[in-house]
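The values are calculated or read from the model by the stated rules, or taken from the named source; none is laboratory data. As the structure is a computational prediction, the values presented were derived from the model and not from experiment. Don't worry about glycine lacking a Cβ; one is built from the backbone with ideal geometry, like all the others, and counts go over all protein chains shown.
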Amino acid sequence: MLKLSANGIYKNFGGLQVLNNVTFTVEGPELIGLIGPNGAGKTTLTNILDGALKPSSGTVYMNGERIDTRPPYGVARAGLGRTFQVTRAFRRMTVLENLLIPAMAMNTTARQRDFEEKAQEVLEFLTISHLRNEYARALSGGQQKLLELGRLLMLDPSMIILDEPFAGVHPRLMEVIYRYITETNAQGKAFIIISHDMDTIFTLSRRLLVLNYGDLIADGEPEVVREDPLVKAAYLGEEEE
Amino acid sequence: MENAAIFGWALLWILFWGALGGVVTPRIYARKDLEISQASFGGAVIGAALGPLSLFPLWVATPKITNRLIGIGIALVVGLFVAAFALADPDNLCVVNGSFVVSQLTNGIVIGIIYGLMALGLTLIFSILGVVSFAHGEFYMIGGMVTYFITARWLPGVSPFIAILGSCIVTFAIGYVFERLFLRPMGSGKIERPTEYAILVTFGLAFFLQYFTQALTSAVPVKAQRFFPFPRTEIPADSGALLSMTPGNITILDAISVPNPRFTAAVLALIMLAALLWFLFRTWVGKALRAVSQDRQAAAVTGINPDTMNTLAFSLGAMLAGLSGASLVQVFSWLPQVGIPAAARSFVIVVLGGMGSLPGAFLGGLIVGLVEAAGTGCIPDATRAASYMPAYGMVILTLVLLLKPTGLFGREL
Amino acid sequence: MNPNLVYRVSGSIAVILLLAIPLASSEMGGLGPLVLSSYFMHLAITGFFYAILASSWSLLAGYAGQFSFGHMAFMAIGGYATGLIGKFIRFTTAPSELCTDIPLPGSWWLVILNIRRVGTIDESCLDMAKTQTLPAGTLIVFPPVWASIAMGLVFGAIFGLLVGWLVLRLRSTYLALFTIGFSEILRAAISAEIPVTEGQSGLELVPLFPAGLLGFSSTSKIPPYYAMLLLFILAMALMSWLASSRFGLFIRAIREDEEAAAALGVNIVRFKVLVFVITSTIAAAAGALQAHYIGIITPNTLIILQMSLVIAMAVIGGLENIYAASVGAIVITFVLELLRTSVSIGPIEIDMTLWRLVFFGILLMLTLRFQRNGLLFPILERISRGGVAKETVSIRTETDEEFADLEDPDTDGPDAESSREQPERTADTENAET
């Protein structure tokens, strides 16, 4: 059973306090939305969970192991995968090679052809199997986004953080991503999804975390959070009016 | 050196406490949740300055590490270094002869001004285009070559100003054409990984320009005549105690002696520097350039064409290198290869001063000029010192890159 | 056709041809009308030398994206390490007493010679020991060439490890400046420490093979040809195995996006350091072999212009493919030599020894600007990826047409540049999309 706990995370850049005592726990295959106004510290929190940034103080544990002291690749091997706000495909490598990288990184003794079948399945699930030998740079922006999601399936983490998966994507593509999230979640992977798309995030997630200027101001079911006066004041108020 | 051991131990002392300060200080500051961006460098400097005497108070009190604190630290380190040198080698000319020291320092400053001018060109290019031009030394070489050919071969007897103007035009034009043909496409997204492309293509330009010049001029060293010989003067008239000038030299207070070509070059460099500052801070185009260096997109929104500014910055930078070459061709012998050490020196200065910082480049130039003068004047084993000359700068370069990639005056990366 | 098969077949043919070339050399009497001079053989050896350097640099810069300008420094480290071992180390059957003696098992001693002062004619400690302390009949043995070359490799690897670890945080421009600095410091140190390295006059090395080996004369080019060819083949075999294994996959991912690679579990620190160690070891091997072949090594081998030559070879051949870079290096070595002869146009005689380098510089810039993948790589690319567009279309028609509109590159995606930045997208790829 997956368990991730962030305990009292503080982060400051120079004098700027970006995260202020953020504490939460994820247990089991939850589907969590992380929202907050611009500059609330969502991406910083992601970077700390991922190991790209070290917290000024506080700890992150995953399945009993401390991961905030690990480098990003160590966190990935511990079972936490993420995407980036801006799509980051390996542009001058083929789609297939893009998918093989996480699989090979997780299995230090395996050979590439051991994973080609699995990669094919992932590509078919994401409807881009015809592009397997194209360079990633030849893909459209949306296809590159799918490729990024595919890489996470190959990494096979127990928890996935998606940074703005719906930003600027075609409605049809949105369906594919939506299906990806729900099906993968049903297979037992936890999700934290950062999004500005309120409608989607409220229907998709079963739990919401709200950040505001580094403070975690709400944590609960979407319906409850929607009515939270703090959240309304900080964030949703502007949206609904 | 008589007591080399003293000097060696002093160096070891400086290095040990510097390293300790550099490693431990950021951890202590981080534990106290303080800003650590300056802690590594500041800790190293303060540690090197007074060792445990300054480090332990620093770790206990953990004051904010200001530039002033770092400045005091650097001054102390230099002082310690000089004192150790004086103790180790008491008979050295640099220790016993005051007027020799003052002359060396003056010459260092004089040459440093010109180094600074050349480095300004490099840093201007970097601040606008975000690339380091590896062909900078070749522009310097061409500036000198053109000046030499105009004054000595093509139009003998013509005013040196015409020759300098000619070298400006040539280097500006080469820079302009190159930027338009090879660097302009970078901005339009036609080229992936533009920084690496820029490194390689300027490298190619350096290769081409160097061999092109060599093929045209053959590799015989040349040297231009003094541009403006001094009139013979003595003040006061009988002794020349205050100031005495011969065509090739100026002596002030019977102590400071500067050769004419260096003096002329420094004066020329100062004039050009003033013109450059006026251009950058008083004219519209100059302001636009600085705006682009600070924020490309914001500048583009206000109606400045960043592409034009790129071309202008590159050509101007090339011209500044050409100008320093033009002023120095009367000081040093000139060969198609002179650009290489000059470019290396500019890299050192720019990295030391902070990539993209204009005042940093100028101050860096002065520092390097002074260190070189001290190095050639004071180090006992002259031949070995001369061989190691290019390495000193490179040691500084690599150390700064490792310890403080932003340089002394650089903006944060 | 299977691209792997094409590579394998053409590679085997090339190897067989290269192995057979000495048969046509003048020493062997030539093959019918084809008689290759010993100058040609020398050029071939030099070509292999540059091919090893250019292809290992392409692994470092083209695959891993580490644009190091210190590659020639590692080459020189290899050459000087083996040269200095040959100069300062001897094995004897009795202690010299005057030098530094280190006892070895089997009543042998390793003797480290003293460093003589410049400008003096005092004898080396071993010369004095011969007349004073060493008993008559003592054997004095030079270190075997293969062993000192192997030590050259070790030193190359150590320095590669050091530099690779130091530059971990530095990117692009800063990395380039740092490696130039490293190279220049090394060059200055070699030039200055004359008692050790002989400075500008150069360090002499023993020949690669003793005279009379298998009946070849000491000036014969055939043994060094095979030695350099063997190193070339070994280096290429190692690098192509690495490039096609997880190593190649990971370093290319690091080149493309370090952070994304790390987030997918790639240990970027390990692979960045490793690529430095491997490529510098290969460069050191080439340097050590070449130094013994030429017989002398000087600090001028690591000037920036030499580095530019290697870079230009890799770029013109094809930076992102070790085969293209190595073939480019061999071709360019020969072309540059062929262009040496002066030409006369009417009364003007053009000294091509310089002008060829001028044109070479122009070619380098034009290649970078208009044919970034080099002149040879696109040909290899055509062979190995010829079927991709066809495959894209054929599989595409099998999958559902429902998502057809997703493939339009301009409809979606925040990365608007991605649709613009596709200069290398070939015409057949475009067909696949319409």
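Quick one: is B:V351 under 14 Å from B:G116 (Cα atoms), surrounded by 24 or more Cβ atoms within 10 Å (Cβ to Cβ) and in contact (Cβ under 8 Å) with a residue 40 or more places away in the chain?
Yes: the conditions hold for B:V351.
Hey, does segment A:155-165 have a residue that's more than 8 Å from chain C (Cβ to nearest Cβ), over 18 Å from C:L264 (Cβ atoms) and buried (at least 20 other Cβ atoms within 10 Å of the Cβ)?
The answer is yes, given that some residue of segment A:155-165 is more than 8 Å from chain C (Cβ to nearest Cβ), over 18 Å from C:L264 (Cβ atoms) and buried (at least 20 other Cβ atoms within 10 Å of the Cβ).
Being more than 7 Å from chain C (Cβ to nearest Cβ), under 23 Å from C:R270 (Cα atoms) and not hydrophobic (A, V, I, L, M, F, W, C) is the filter here; which residues of segment A:87-105 pass it?
A:N98
Looking at segment B:1-80, what helices (runs of 4 or more DSSP H) fall wholly within it and have at least 2 residues that are closer than 17 Å to B:K404 by Cβ?
Passing ranges, in order: B:4-31, B:39-50.
Under 6 Å between Cβ atoms, which residue pairs at least 6 apart in sequence (or on different chains) link something in segment A:204-219 that is on the phi > 0 side of the Ramachandran plot with a partner that is part of a strand (DSSP E or B)?
Listed pairs, sorted by first residue: A:G214/A:Q17; A:G214/A:V18; A:G214/A:L19; A:G214/A:N20.
For segment A:69-117, which positions are hydroxyl-bearing (S, T, Y) and within 22 Å of A:H130 (Cα to Cα)?
Within segment A:69-117, A:T87, A:T94 qualify.
Condition first: surrounded by 21 or more Cβ atoms within 10 Å (Cβ to Cβ) and touching an Asp or Glu at 6+ places or on another chain (Cβ under 8 Å). Now tell me which residues in segment A:50-73 satisfy that.
A:G51, A:P55, A:V60, A:P72
Identify, from the list B:I164, B:I199, B:I235, B:I191, the residue that is closer than 27 Å to B:A269 by Cβ and either within 14 Å of chain C (Cβ to nearest Cβ) or under 23 Å from the mean Cα position of the chain (by Cα) (or both).
Answer to the check: B:I164.
Could you grab the pairs with beta carbons closer than 8 Å, sequence gap of 6+ or different chains, first residue in segment B:295-316 and at pLDDT 85 or above, second one surrounded by fewer than 17 Cβ atoms within 10 Å (Cβ to Cβ) and hydrophobic (A, V, I, L, M, F, W, C)?
Within 8 Å, the pairs are B:L312/B:V285; B:S315/B:A173.
Residue by residue, here is whether (1) within 20 Å of A:K54 (Cβ to Cβ); (2) modelled with pLDDT of 80 or more; (3) out of contact with any helix residue (DSSP H, G or I) (no Cβ under 6 Å at 6 or more places or on another chain) holds:
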{"residue": "B:G22", "(1), (2), (3)": "yes, yes, no"}
{"residue": "B:I28", "(1), (2), (3)": "yes, yes, no"}
{"residue": "B:G42", "(1), (2), (3)": "no, yes, no"}
{"residue": "B:G47", "(1), (2), (3)": "no, yes, no"}
{"residue": "B:L55", "(1), (2), (3)": "no, yes, no"}
{"residue": "B:A61", "(1), (2), (3)": "no, yes, yes"}
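Only one residue in A:E134, A:E183, A:E121, A:E175 is free of Cβ contacts under 8 Å to residues at least 60 places away in the same chain, more than 14 Å from the chain's Cα centre (by Cα) and either within 8 Å of chain C (Cβ to nearest Cβ) or surrounded by 21 or more Cβ atoms within 10 Å (Cβ to Cβ) (or both). Which one?
On the way: A:E183 fails: either within 8 Å of chain C (Cβ to nearest Cβ) or surrounded by 21 or more Cβ atoms within 10 Å (Cβ to Cβ) (or both); A:E121 fails: either within 8 Å of chain C (Cβ to nearest Cβ) or surrounded by 21 or more Cβ atoms within 10 Å (Cβ to Cβ) (or both); A:E175 fails: either within 8 Å of chain C (Cβ to nearest Cβ) or surrounded by 21 or more Cβ atoms within 10 Å (Cβ to Cβ) (or both).
It is A:E134.
When only residues in segment A:65-85 that are more than 7 Å from chain C (Cβ to nearest Cβ) and closer than 19 Å to A:A136 by Cα count, which is modelled with the highest pLDDT?
The residue in question is A:T83.
Taking segment B:366-404 as the search range and keeping residues that are of a type outside the set (A, V, I, L, M, F, W, C) and within 26 Å of C:L166 (Cα to Cα), which one is farthest from the other protein chains (Cβ to nearest Cβ)?
From segment B:366-404, those of a type outside the set (A, V, I, L, M, F, W, C) are B:369, B:372, B:375-377, B:380-381, B:383-384, B:387-388, B:390, B:392-393, B:398, B:404; that's our starting set.
Narrowing the set further to residues that are within 26 Å of C:L166 (Cα to Cα) leaves B:387-388, B:390, B:392-393, B:398, B:404.
On the way: B:S387: 3, B:Y388: 5, B:P390: 5, B:Y392: 9, B:G393: 8, B:T398: 4, B:K404: 12 Å.
So the residue we want is B:K404.
Under 8 Å by Cβ, and 6 or more places apart or on different chains, what pairs join a residue from segment C:106-120 that is at positive phi with one that is at pLDDT 85 or above and of a type outside the set (A, V, I, L, M, F, W, C)?
Taking only residues 6 or more apart or on different chains, the pairs are C:S107/C:T93.
Could you please find all residues in segment B:324-344 being under 16 Å from the mean Cα position of the chain (by Cα) and within 11 Å of another protein chain (Cβ to nearest Cβ)?
Those that are under 16 Å from the mean Cα position of the chain (by Cα) and within 11 Å of another protein chain (Cβ to nearest Cβ): B:G339, B:I340, B:P341, B:A343, B:A344.
Restricting to segment C:307-348, give me the number of residues that are within 12 Å of the chain's Cα centre (by Cα) and within 13 Å of another protein chain (Cβ to nearest Cβ).
So the answer is 6.
Which residue pairs have Cβ atoms under 8 Å apart, sit 6 or more places apart or on different chains, and have a first residue in segment B:259-284 that is more than 20 Å from B:M309 (Cα to Cα) and a second that is among the charged types (D, E, K, R)?
From residues that are more than 20 Å from B:M309 (Cα to Cα), the pairs are B:N260/B:R226; B:P261/B:R226; B:T264/B:R226.
Can you tell which of C:L166, C:L126, C:L170, C:L162 is without any contact (Cβ under 8 Å) to a residue 60 or more places away in the chain, in contact with a Cys (Cβ under 8 Å, 6 or more places away or on another chain), of a type in the set (A, V, I, L, M) and surrounded by fewer than 21 Cβ atoms within 10 Å (Cβ to Cβ)?
Only one candidate passes the filter, namely C:L126.
Consider A:T108 against the criteria (1) crowded, with 20+ Cβ neighbours inside 10 Å; (2) facing chain C (nearest Cβ under 10 Å); (3) of a type in the set (V, I, T): it satisfies all of them except one. Which criterion is unmet?
Going through (1) crowded, with 20+ Cβ neighbours inside 10 Å; (2) facing chain C (nearest Cβ under 10 Å); (3) of a type in the set (V, I, T) one by one, A:T108 breaks only (1).
Of the residues C:A211, C:A263, C:A235, which single one is among the small types (G, A, S), surrounded by 23 or more Cβ atoms within 10 Å (Cβ to Cβ) and over 20 Å from the mean Cα position of the chain (by Cα)?
On the way: C:A211 fails: surrounded by 23 or more Cβ atoms within 10 Å (Cβ to Cβ); C:A235 fails: over 20 Å from the mean Cα position of the chain (by Cα).
Step by step, each of C:A211, C:A263, C:A235 is checked, and only C:A263 is among the small types (G, A, S), surrounded by 23 or more Cβ atoms within 10 Å (Cβ to Cβ) and over 20 Å from the mean Cα position of the chain (by Cα).
If I filter segment A:24-43 for residues that are of a type outside the set (K, R), surrounded by fewer than 15 Cβ atoms within 10 Å (Cβ to Cβ) and within 14 Å of another protein chain (Cβ to nearest Cβ), do I get at least one hit?
No, segment A:24-43 contains no residue that is of a type outside the set (K, R), surrounded by fewer than 15 Cβ atoms within 10 Å (Cβ to Cβ) and within 14 Å of another protein chain (Cβ to nearest Cβ).
Which numbered condition trips up C:V6, out of (1) in contact (Cβ under 8 Å) with a residue 24 or more places away in the chain; (2) surrounded by fewer than 16 Cβ atoms within 10 Å (Cβ to Cβ); (3) in a loop (DSSP other than H, G, I, E, B)?
The failed condition is (3).
Got at least one residue in segment B:163-185 being surrounded by 20 or more Cβ atoms within 10 Å (Cβ to Cβ), among the aromatic types (F, W, Y) and closer than 18 Å to C:T367 by Cβ? Break it down into steps so the answer makes sense when it comes.
From segment B:163-185, those surrounded by 20 or more Cβ atoms within 10 Å (Cβ to Cβ) are B:163-164, B:166-168, B:170-172, B:174-175, B:178-179, B:182-183; that's our starting set.
Filter once more, keeping what is among the aromatic types (F, W, Y): B:172, B:178, B:182.
Next cut, closer than 18 Å to C:T367 by Cβ only: B:178, B:182.
Yes, some residue in segment B:163-185 is surrounded by 20 or more Cβ atoms within 10 Å (Cβ to Cβ), among the aromatic types (F, W, Y) and closer than 18 Å to C:T367 by Cβ.
Could you please give the count of residues in segment C:214-232 that are surrounded by 17 or more Cβ atoms within 10 Å (Cβ to Cβ) and free of Cβ contacts under 8 Å to residues at least 24 places away in the same chain?
Within segment C:214-232, residues that are surrounded by 17 or more Cβ atoms within 10 Å (Cβ to Cβ) and free of Cβ contacts under 8 Å to residues at least 24 places away in the same chain number 1.
Quick check: is even one residue across segment C:348-363 out of contact with any helix residue (DSSP H, G or I) (no Cβ under 6 Å at 6 or more places or on another chain), under 27 Å from B:A344 (Cβ atoms), of a type in the set (F, W, Y) and assigned to a helix (DSSP H, G or I)?
Yes, that holds for at least one residue.
Given the residues A:R88, A:R92, which is the only one that is outside any strand (DSSP E or B), among the charged types (D, E, K, R), under 23 Å from A:I181 (Cβ atoms) and more than 13 Å from the chain's Cα centre (by Cα)?
A:R88
Under 18 Å from A:I160 (Cβ atoms) and either at pLDDT below 90 or of a type outside the set (A, V, I, L, M) (or both) - does that describe any residue in segment A:13-23? Talk me through it step by step, then tell me what you get.
Keep residues of segment A:13-23 that are under 18 Å from A:I160 (Cβ atoms), which gives none.
No, the conditions are met nowhere in segment A:13-23.
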